[in-house]
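The values are calculated or read from the model by the stated rules, or taken from the named source; none is laboratory data. This is a predicted model, so every value here is computed, not measured. Glycine also receives a Cβ, built like all others from the backbone with ideal geometry; neighbour counts cover every protein chain displayed. Heavy atoms of the whole protein, side chains included, go into the accessibility calculation; ligands, DNA and RNA do not. Shrake-Rupley method; radii C 1.70, N 1.55, O 1.52, S 1.80 Å.
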4 protein chains.
Amino acid sequence: MAGIAIIGYGYWGPNLLRNFSSVPGSTVHWVVDLRTERLEQIKKQYPGIRTTSSINDVLNDPAVTAIVVATPVQYHYSLAKTALEHGKHVLIEKPMTQSSAEAEELIAISREKGLVLMVDHTFLYTGAVRKIKDLINAGEIGEIQYFDSTRINLGLFQPDINVLWDLAPHDISILFYLINDRPVSVSATGKSHTPNGLENVAYLTVNYASDHIAHFSCSWSSPVKIRKILIGGTKKMIVFDDVEPSEKVKIYDTGYTVKSDEDKRQLLIDYRAGDIHVPKLEQREALYGMAADFISAIDKGTTPVSGWKVGLEVVKVLEAAQESIKNRGREVEIKF
Amino acid sequence: MAGIAIIGYGYWGPNLLRNFSSVPGSTVHWVVDLRTERLEQIKKQYPGIRTTSSINDVLNDPAVTAIVVATPVQYHYSLAKTALEHGKHVLIEKPMTQSSAEAEELIAISREKGLVLMVDHTFLYTGAVRKIKDLINAGEIGEIQYFDSTRINLGLFQPDINVLWDLAPHDISILFYLINDRPVSVSATGKSHTPNGLENVAYLTVNYASDHIAHFSCSWSSPVKIRKILIGGTKKMIVFDDVEPSEKVKIYDTGYTVKSDEDKRQLLIDYRAGDIHVPKLEQREALYGMAADFISAIDKGTTPVSGWKVGLEVVKVLEAAQESIKNRGREVEIKF
Amino acid sequence: MAGIAIIGYGYWGPNLLRNFSSVPGSTVHWVVDLRTERLEQIKKQYPGIRTTSSINDVLNDPAVTAIVVATPVQYHYSLAKTALEHGKHVLIEKPMTQSSAEAEELIAISREKGLVLMVDHTFLYTGAVRKIKDLINAGEIGEIQYFDSTRINLGLFQPDINVLWDLAPHDISILFYLINDRPVSVSATGKSHTPNGLENVAYLTVNYASDHIAHFSCSWSSPVKIRKILIGGTKKMIVFDDVEPSEKVKIYDTGYTVKSDEDKRQLLIDYRAGDIHVPKLEQREALYGMAADFISAIDKGTTPVSGWKVGLEVVKVLEAAQESIKNRGREVEIKF
Amino acid sequence: MAGIAIIGYGYWGPNLLRNFSSVPGSTVHWVVDLRTERLEQIKKQYPGIRTTSSINDVLNDPAVTAIVVATPVQYHYSLAKTALEHGKHVLIEKPMTQSSAEAEELIAISREKGLVLMVDHTFLYTGAVRKIKDLINAGEIGEIQYFDSTRINLGLFQPDINVLWDLAPHDISILFYLINDRPVSVSATGKSHTPNGLENVAYLTVNYASDHIAHFSCSWSSPVKIRKILIGGTKKMIVFDDVEPSEKVKIYDTGYTVKSDEDKRQLLIDYRAGDIHVPKLEQREALYGMAADFISAIDKGTTPVSGWKVGLEVVKVLEAAQESIKNRGREVEIKF
């Protein structure tokens, strides 16, 4: 039985609390937040859970075996480090840290101490992404040629990170989950319309040595909410539209074949637009699956889907993207 | 009365022929194409129009006062140059030429000879773009902060130009028509999935010295057809969805206000999501308006909406984008 | 301060409990249900609320001043009657009762005893319906000519009432709220695909002496969920699409004008399709407004929007519809 | 080679002319219309086709072997009768005639004279309807339980027939094409908002002795255009949305199973919402298929898909519906 403490009770906190309260093998002992009005809300609904504004209450409680860090990104590293040093398993909200150096240090400590270190990339547990993964693994889509994500809406402007760090982790983690290939470089651009200089509109291209290319379009300034990922394979293509209530994933038997020709300037292409298939998706709440995966990693030593590996990789891409934005799109290499 | 010859009778040719046949002040005398089976189709429907595979028939006919160049892009420059040298007014399909040097040479000749030189950026004559232009001019949208265009579908792969040169001219011309500000540089990325190395997926960021940013996403490899432009202003935001049959332009009384604060790290933002307005648009065929504008420029000396200026500017952006793609996103400056 | 007891804790019960727990002036003392497993769920989340399977606990508790009847329809009448006789104010879920005679008896008792008797037609408290009401009252829509509702989806088949009694109360109550005119007769048809003979597909036309007509299409057997009401006025038309996440109400500046002509066989009609307006709607949960309206009726004697009057009228329409269905569409008159 | 004359060159005339001009085995000799300005348009585009305002020119021309009647409905019977009496094969636009007596008389003449008599129910030749027919025939949908059609838009008000006679023939012909069962009665309601008393809003229920029910909702007064048919089977359900540009037919692996139970009041239902399949449809113009079917019936004696049988059956339903509307929904029996 894992004893859980949740640090940070903001937008995502109630969802974490609800799921860790219902997942078997987990008991939530503490919620920590500096804002007492946030903690008040817990007392009504969860009278059995203790609340505090002091992290020491949690670190020193032997019943707490695992800590969930759900604070603003700037505190992820120091809180996770302290927790690991106190022998607690750690789950961090995405993005894992503000730099890959921080992430790597946390990973080193967790490995040394034999503790679970996991990052909450919730999307990897959605029925939609799991279905797409199954289709790709089964070879139905063919070789993936492009991954094109648009994640835009109005607000919520983050005070400490730009829109890429806020929204793109979802899509980058999905990309890395779906295909094994890893990129060689990125190129990114963006613009800030606020005095703090953090980009609220940003675009990111991720380059591969292979035939693959990925692109991410993120904005906090769109009047409409779009959550759409297009995935093109040599056999079929997929549209994952997360705004759709009931037809989130569509598989298009659509494509084109480049015919061999002697003269390369002459392009002979056969287009194909066929049936569309809309698979039924698993309905379970994704965050429940994530929480269960964390508990299983603690209790049974399983390797979580959303472990520190993808957490670190996502931070590396964001870090490189930030450098590229500063240089107005200049290619920045990434090493994995 | 302008005497028109159309050179090139491919995909767009029948539309040009139909509109120049119905616009007042215009008579189509010739259609030129090397493919006799294409010309056969004209004879049935337009028995009064002569067809030929030789451009000389057209150049030497004094009844021809204006030539429409609707061939593949690689022939635009030489055909337009010959036509101008023979004293004919010239309309060129978009994109104007394969390089800005070619475009500038054509412009110089046309100015020297006092001939009309125009580029068919048809979208500038749509009811949708004209309505958006009116709204921006009337100050209803406020200062434009971003312009974000997605133009993707399956095929038709062009054999001589990449997807940016094929699709982005529509959106770049719209951008330049709507706002007077001109960019300082571009950054572009893309990928080719065909042996000829021409990108079929490409992304372009256009940078401004001002608060503005523009981005273009183009693909010939999408299973779904998207034609969507988002325009964000300080007062309102616009979505122009050209795939929508009846609600193409939506104006969102949506936005955010950054409050002044002493501490810049503290971000105080007021979000606003209000009414949406869907204006009734003018229904006239855009190409008809373009044809009429060309005739008016010839007959009355008016300055066309889609003149050589925007034609050249679009080519400059594409040229810089191509260089940036080669360098995986490196910023390339543009001078206007 | 009203002391509330909720009888019946099925699908809608948790929503009632949540809202009556948060509305000012209301305290929920009891929840009654025969299924102990349903009551178990309450104890965790609302430790302060008592649960029981015996209605007598509630009737004899002087702290309980108002009872919410949220059981299957067949128990509405007897439970409401008992509650009223014990001097409790009563709120009944829609539809009010199984017959107009039952409804009228409850009304008589409540009036005699000076108790509030209200029916939960939640839709009357939605931002969408309130906005439409405002527009009609302001004369913007003109005279209403038709009201056309489609409410279909897959399941949930009710065991004791047909699809009209289950789904149409929403739309009939909206119709009666929006326009003051009352119908003279109904004609209805339907079909049962289950052994119990209760229609799972049904259609209802409501006839008026005036220019107005209303139609309701209801189904539990549709593969898609449609919740759409069209309202045609002499000036403008409205589409209320409750499945739309953000553009639920659209006002069309669309219509037609029949010109006066000497020869009536000759029809001269001017069509008009103009701008569309999508108003921002109030976001507050409708059920909260309903609960507050009940509390206000108890505390301040205000007349609730969804009082016994509309409750009775809806039952009269349903009763007449049922008779019409039995007679395959024969017109059945209604008296109000 | 069939020699065709088209009588009536209104809204649909140009489409008939275009298709009969391109179908093999057919030559259009004449177009007849009283409005000379309509005929003028033909001369330009089809210089080889003769035009006249006198039907006698056509009847007396031995080159004319088949006549297409595309006039307002009130002239269908007399024109078709005259044509048949002159030994011409006849194609009539839908609806076939103003009464079943008229239709039966035409059928009798055509059979006596061995002439083809066909009605243009174009929808039976669409890729969508043919695909649905194939699926039903293959047993994939199971027993059909309901057919629910909505066909509404703004205008065009017809001067001589109500909205049911104008719009419902499409859907009734589809219904009769898809399932072999024939109805026993109808019930219909409607309202006129014009001085001529012809209903512009109308609803029609078609009753079967079997488990099946069909409903048709028609309007000329809707601000939005809806063309949607839902078909529920015991195995799967179909949505045919003709307004959709590319996903017109969707097959839902959705349904419910009523379990056998001892106590019929207790309803045990298993719901199932599974995958959705969107088949690629044949793209050929439906009217071309209809024209080819007519020519084939003339030349090869084949039985057309849209023959006089379905033409008559549709008129019988409309006739009964009209009587039912007059009696505010009273059931009217039909005999086939």
(message) Output the 0 to 90 degree angle, nearest 10, between the alpha-carbon long axis of helix C:13-22 and the longest principal axis computed from the alpha carbons of chain C.
(response) 80 degrees
(message) Need one word for segment C:185-279: rounded, prolate or oblate. Basis is the Cα gyration tensor (sqrt eigenvalues a ≥ b ≥ c); a/c below 1.5 gives rounded, then a/b vs b/c decides.
(response) oblate
(message) For chain B, take the longest principal axis of its alpha carbons; what is the angle in degrees between that and the long axis of helix B:163-178, to the nearest 10 within 0 to 90?
(response) 70 degrees
(message) If I ignore ligands, DNA and RNA and count only protein heavy atoms, how much of B:His277 is accessible to a 1.4 Å probe, in Å² to the nearest 10?
(response) 60 Å²
(request) Can you pull a Stokes-Einstein diffusion coefficient for chain D at 10 °C (1.306 mPa s), Rh from Kirkwood over Cα pairs, as a whole number of µm²/s? (result) 75 µm²/s
(request) Specify whether the C-alpha gyration tensor of the protein assembly as shown places it in the rounded, prolate or oblate class, a ≥ b ≥ c being the square roots of the eigenvalues: rounded for a/c under 1.5, otherwise prolate if a/b is larger than b/c and oblate if not. (result) oblate
(request) Go ahead and estimate [θ] at 222 nm for the protein assembly as shown from helices alone: -39,500 (n - 2.57) per DSSP H run with n ≥ 4, summed, over the residue count, rounded to 500. (result) -10000 deg cm²/dmol
(request) Take every residue in peptide D:139-146, count the Cβ atoms of other chains within 10 Å of its Cβ, and give the average of those counts. (result) 2
(request) Work through the residues other than D:Thr189 whose Cβ is under 14 Å from its Cβ and net out their charges, Lys, Arg +1 and Asp, Glu -1. (result) +1
(request) Measure nothing fancy, just the Cα-based angle from helix C:286-300's long axis to the longest principal axis of chain C, in degrees from 0 to 90, nearest 10. (result) 60 degrees
(request) Distances from A:Leu34 to the same position in the other copies: list them in nm, one decimal, shortest first, using label points 7 Å from Cα along Cα→Cβ. (result) 5.6, 7.2, 8.6
(request) Take the alpha carbon atoms of segment B:4-76, find their center, do the same for segment D:150-200, and report the distance between the two centers in whole angstrom. (result) 47 Å
(request) List the distances, in nm to one decimal, from the label point of D:Glu282 to the label points of the same position in every other copy, shortest first, placing each label point 7 Å from Cα along the Cα-to-Cβ direction. (result) 4.2, 4.3, 5.6
(message) Please report the residue of chain D with the smallest beta-carbon distance to the D-to-C rotation axis, and give that distance in Å, no decimals.
(response) D:Gly329, 2
(request) Give the peptides D:3-11, C:162-170 in descending order of average Cβ contacts within 10 Å, highest first. (result) C:162-170, D:3-11
(request) Over the whole of D:219-227, what's the average partner chain Cβ count within 10 Å per residue? Rounded to a whole number, please. (result) 6
(request) Could you please report the charge total around D:Val201, scoring K, R as +1 and D, E as -1 over all other residues with beta-carbon less than 9 angstrom from its beta-carbon? (result) -1
(request) Sort C:55-63, B:28-36, A:187-195 for me by packing, meaning the mean count of neighbouring Cβ atoms within 10 Å per residue, highest on top. (result) A:187-195, B:28-36, C:55-63
(request) Check cross-link reach from D:Lys43 to the aspartates and glutamates: straight Cα distance under 18 Å, and skip same-chain residues fewer than eight apart. (result) D:Asp33, D:Asp57
(message) Give me the percent relative contact order of segment C:1-115, please, defined on Cα pairs under 8 angstrom at least 6 residues apart.
(response) 24 percent
(message) Let me check the size of segment C:92-153 from its C-alpha atoms; what are the radius of gyration and Dmax in Å?
(response) 16.1, 41
(message) Under the convention of a label 7 Å out along Cα→Cβ, give the distances in nm from D:Pro195 to the same position in every other copy, shortest first.
(response) 6.1, 6.8, 7.4
(message) Suppose all protein chains stay in the model; what accessible area per residue would a 1.4 Å probe give for the protein assembly as shown, in Å²?
(response) 40 Å²
(request) Would you mind checking D:Lys225/D:Lys335; A:Lys235/B:Lys228; B:Lys133/B:Lys300; C:Lys81/D:Lys259; C:Lys280/D:Lys236; D:Lys81/D:Lys191 for any pair whose Cα atoms are more than 30 angstrom apart? (result) D:Lys225/D:Lys335; C:Lys81/D:Lys259; C:Lys280/D:Lys236; D:Lys81/D:Lys191
(request) Check the straight Cα-Cα distances from B:Lys326 and name the aspartates and glutamates below 18 Å, setting aside those fewer than 8 residues away within the same chain. (result) A:Asp211, A:Glu331, A:Glu333, B:Asp160, B:Asp166, B:Glu199
(message) What does the C-alpha gyration tensor say about the overall shape of segment B:1-70? Classify as rounded when a/c is under 1.5, otherwise prolate if a/b is larger than b/c, or oblate.
(response) oblate
(message) Please report the spacing between the Cα centers of segment C:101-124 and segment B:106-139 in Å, no decimals.
(response) 68 Å
(request) Give me a single rounded figure for D:324-336: the average over its residues of other chain Cβ atoms within 10 Å of their Cβ. (result) 4
